[in-house]
Amino acid sequence: MTAPRQEQGDLATDAGRHASAAAGRAELDRALERRSPAERSAFWNAVDRLYTFVETHSQGETMTPPTAGEPTHSKASASRAFTTFAGKVAKWAGHPLAFALGSATVVGWAVSGPFFGYSETWQLVINTGTTIVTFLMVFLIQNSQNRDGAAIQAKLDELIRASAAQNRYIGIENLTEEELDELRRRCETRAQAERLDNAREAADEAEARARDRAKAAAERVG
C-alpha cells in the first residue's frame, strides 16, 4: 500500500506545481499587459538571454557570469564591429553616389582600352576587380538582410503576442515550405468562410430593413 500512496502523493505534488506555474504565468501576463510593447520586448529579451546563459553553462560547467576579459566578450565585440561595418557598407552600396562611382569606373576602364591595346591584362583588371568586390559584397549584404529579417520577425511576433491574433503564428518562418502552404490554405479557407458569413449578415440586415420599410408603408396606408 505504500507505493500507491507515494505515487498518488507524487501526482498531487506535480499537479500542485503545474497549477502554481499556470497561476504564475497568468499573473505575469497580466503584469506585462500593463507595460508598453518596448518594455515587454525588453523583458522577453532578458529572459531569452538568461535562458541561453543557463543552457550554455549547465553542461557540467560552473555557472558564473562571463567577465569582461573572457572570449565571450571578445566574440560579442567582434560580432558588433562586423555588424556595424556590414550595415554601413550595405547602406553606402545603395546610395546613388556608389552607383555613379561604379559607372565612372566602368566608363574609365572602357575609355582606357585603346591605350592598352585591349590586351588580356586590360580585361583581367576589370574582371578581377568586379569579381572580388561582388564576392565580398554578397556576404556583407546578406548579413544586413538577415538582421533586417530577424528584426522584422521579432517585431511581428511581438505585435501578434500583444494583440488578439493567434500566438501560434509566432515563429512560422521556421516551418517548411509544405507546412507554410498548408497554413496559408487554412487562412484562405477561414477568410472565405468569414466573407460568406459577412455576406449572409449583410443579406439578413437588408431583408430586415426591407421588412421594416414594408411594414411602415402598410401602416401608413392603413
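The values are calculated or read from the model by the stated rules, or taken from the named source; none is laboratory data. The shown structure was predicted, so the numbers you read here are calculated from the model rather than taken from an experiment. Because the Cβ atoms are built from the backbone with ideal geometry, glycine has one as well, and the counts that use them run over all protein chains shown.
Could you grab me the full set of residues in the stretch 90-108 that are of a type in the set (G, A, S) and without any contact (Cβ under 8 Å) to a residue 12 or more places away in the chain? I'd like the intermediate steps shown before the answer.
Pass one, the stretch 90-108, residues of a type in the set (G, A, S): 90, 93-94, 98, 100, 102-104, 108.
Residues satisfying the conditions are G94, A98, A100, G102, S103, A104, G108.
What's the total number of residues in the stretch 157-179 that are in a helix (DSSP H, G or I) and under 29 Å from A42 (Cα atoms)? Please lay out each step first, then the result.
From the stretch 157-179, those in a helix (DSSP H, G or I) are 157-162, 167-169, 172-174, 177-179; that's our starting set.
Among the residues that remain, those that are also under 29 Å from A42 (Cα atoms) are: 157-162, 167-169, 172-174.
So the count comes out to 12.
If we scan the stretch 117-129, do we find a residue that is exposed (fewer than 10 other Cβ atoms within 10 Å of the Cβ), out of contact with any Ser or Thr (no Cβ under 7 Å at 6 or more places or on another chain), without any contact (Cβ under 8 Å) to a residue 40 or more places away in the chain and not in a helix (DSSP H, G or I)?
Yes - at least one qualifying residue is present in the stretch 117-129.
Can you tell me which of (1) surrounded by 10 or more Cβ atoms within 10 Å (Cβ to Cβ); (2) modelled with pLDDT under 80 is the one W109 doesn't meet?
In the conditions (1) surrounded by 10 or more Cβ atoms within 10 Å (Cβ to Cβ); (2) modelled with pLDDT under 80, W109 misses (2) alone.
May I ask you to verify whether L196 is part of a helix (DSSP H, G or I), at pLDDT below 80 and over 15 Å from the mean Cα position of the chain (by Cα)?
Values: part of a helix (DSSP H, G or I): yes; at pLDDT below 80: no; over 15 Å from the mean Cα position of the chain (by Cα): yes.
No: the conditions fail for L196.
Any residue that is among the basic types (K, R) and either in contact with a Cys (Cβ under 8 Å, 6 or more places away or on another chain) or farther than 29 Å from F82 by Cβ (or both) - is there at least one of those in the stretch 156-167? Break it down stepwise before answering.
The initial filter retains those residues of the stretch 156-167 that are among the basic types (K, R), namely 161.
Now restrict to residues that are either in contact with a Cys (Cβ under 8 Å, 6 or more places away or on another chain) or farther than 29 Å from F82 by Cβ (or both): 161.
Taking every residue of the stretch 156-167 in turn, at least one turns out to be among the basic types (K, R) and either in contact with a Cys (Cβ under 8 Å, 6 or more places away or on another chain) or farther than 29 Å from F82 by Cβ (or both).
Of the conditions (1) more than 30 Å from R30 (Cβ to Cβ); (2) out of contact with any Leu (no Cβ under 7 Å at 6 or more places or on another chain); (3) surrounded by 11 or more Cβ atoms within 10 Å (Cβ to Cβ), A86 satisfies every one except a single condition; which number is it?
Of (1) more than 30 Å from R30 (Cβ to Cβ); (2) out of contact with any Leu (no Cβ under 7 Å at 6 or more places or on another chain); (3) surrounded by 11 or more Cβ atoms within 10 Å (Cβ to Cβ), only one is false for A86: (2).
I need the full set of residues from the stretch 94-147 which are within 19 Å of T83 (Cα to Cα) and either touching a strand residue (DSSP E or B) at 6+ places or on another chain (Cβ under 7 Å) or among the hydroxyl-bearing types (S, T, Y) (or both), in order please. Talk me through it step by step, then tell me what you get.
Going through the stretch 94-147, the residues within 19 Å of T83 (Cα to Cα) turn out to be 94-95, 133-147.
T134, S144 - these are the residues of the stretch 94-147 that are within 19 Å of T83 (Cα to Cα) and either touching a strand residue (DSSP E or B) at 6+ places or on another chain (Cβ under 7 Å) or among the hydroxyl-bearing types (S, T, Y) (or both).
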